[in-house]
Amino acid sequence: MKILIISDIHSNYEALLAVANAEKHVDQIWCLGDLVDYGPQPAEVVQWVRHRAQLCVRGNHDFALAFNEDCHCGKRFRELSRESREMNRQLLTPEQIAYLQLLPETEEIVLENCRFRIAHATPSGNLYRYLLPGTTDIELAAEIECILADVVFCGHTHFPMIRKVGSKLFVNPGSVGQPRDGDPRASYAIWDEGVVKLRRTQYDISKTVEKLQGCSLSPGMADQLAMVLQTGGTNV
C-alpha cells in the first residue's frame, strides 16, 4: 500500500499539482487539512481534494473560513490570513464551503495491520496547538499516549518531521503550499509498505505569485505572501 500524505495546501494549486505529478502511482491520498487561505486558488484545491483524497480532516484555516471564526494563527501571519481568507471565501461556492464545514477533526483507519490516526494540529483534534520540531519527547509523548494508533500523521506547523516516541511514530509531512522551514519546495510524505519518507518537489512559484497579484488583496499583501513562498517562510 502506497499512500500520499499532504497537508497545508493553502490554496496553492500549482504546488498541489506538482506533488500529484511527482507521485502519480499511489493507492490512497490523505489530507491533513488547511486547504484554504493565503493562496489564490481555493476552489481548485477544494475540488481536487474532494475528488481525489480518500481521507481529509479539517484544519484551523478551513474551520475559520467555513464558520467565520478566527484561525488563531501566529502574529506574523495573522493579517495575511485574515485578508486572504476573505478573498478565498469569495472564490468558493456554497457547496465547497459546506464541504469544509463537514470535514471531521480526526480520522482513524487500519490498513495492513497498522492503525493510523490523522489530524491537523494534534492527534486529539485540537486545531491550534503547534507540535514543532523543538517539541520535546516528553511533550510529544503526552500528546499521543492516549491515542490508539501505531502511526500518527499531523500537519499545521509547516515543518516536516518524523519522530519515534515509544512504540508510536509521529509524522508531519510539512506544507505543500506554504513551507516555512526555509525550503520553498512543496513538502509531503509517502507511506510505502510500512516505510514513511519525507519528500520535496519543485513547482513554478512564479505562477502562484502571478495569480496572487491578480487577486483582490490590499497593496503589499500579495508581495508579502509572495515573499513567504519564495523564501520558504524565512522572510515576511
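At a glance:
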read-out: Residue-normalised accessible area of the chain, expressed per residue, 1.4 Å probe, Å²; value: 42 Å²
read-out: Cβ-derived FRET efficiency at R0 41 Å, His72 paired with Ala43, nearest 0.05; value: 0.95
read-out: Projected area, mean over directions - the range 122-236, Cα convex hull, nm²; value: 8.3 nm²
read-out: Asp150 accessible area, assembled protein chains, probe 1.4 Å, Å²; value: 70 Å²
read-out: Percent accessible area from carbon and sulfur atoms, the chain, protein chains only, probe 1.4 Å; value: 49 percent
read-out: Cα long-axis angle, helix 221-231 against the chain (0 to 90 degrees, to the nearest 10); value: 40 degrees
read-out: Nonlocal Lys pairs with alpha-carbon distance under 17 Å, the chain (8 or more apart, or different chains); value: 5
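The values are calculated or read from the model by the stated rules, or taken from the named source; none is laboratory data. Only a predicted model underlies this, so the values are computations on that prediction, with no experimental measurement involved. When we count neighbours, we look across all protein chains shown, and the Cβ atoms used for this are built from the backbone with ideal geometry, even at glycine. Calculation scope for accessible area: heavy atoms of the full protein, side chains included, ligands and nucleic acids excluded. Shrake-Rupley method; radii C 1.70, N 1.55, O 1.52, S 1.80 Å.
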